[in-house]
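Working notes for the structure below.
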Amino acid sequence: NVDGYLVPEYDVDAMAAGMCKVLEDGDLANRLGAAARQKIASDFELTKTINKLLTVLQNAYNKK
């Protein structure tokens, strides 16, 4: 409920209910959208992502 709704897999009714909440409440939609954008900007920043990938590849190479 911070940057979106998480519903059980294959629970179409729960997904529809969450979507309706967002569609009916503009303030909620703005809050969730802003939080999601911030999360993406901080968690998936290009340099961080490349460094994480480099670490994974280096660890895999070193285990050979």
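The values are calculated or read from the model by the stated rules, or taken from the named source; none is laboratory data. It should be emphasised that the depicted structure is a prediction, and the values quoted were computed from it without experimental measurement. The accessibility values were calculated without ligands, DNA or RNA, using every heavy atom of the protein model including side chains. Shrake-Rupley method; radii C 1.70, N 1.55, O 1.52, S 1.80 Å.
What the table shows:
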| read-out | value |
| --- | --- |
| Among (1) at pLDDT 95 or above; (2) outside any helix (DSSP H, G or I) - the single one A14 does not satisfy | (2) |
| Residue among A41, A36 that alone is modelled with pLDDT of 95 or more and either part of a loop (DSSP other than H, G, I, E, B) or open to solvent by less than 100 Å² (accessible area, probe 1.4 Å) (or both) | A36 |
| Single residue of the stretch 12-64 satisfying the filter (over 19 Å from the mean Cα position of the chain (by Cα) and among the polar types (S, T, N, Q)) that is nearest to N1 (Cα to Cα) | N51 |
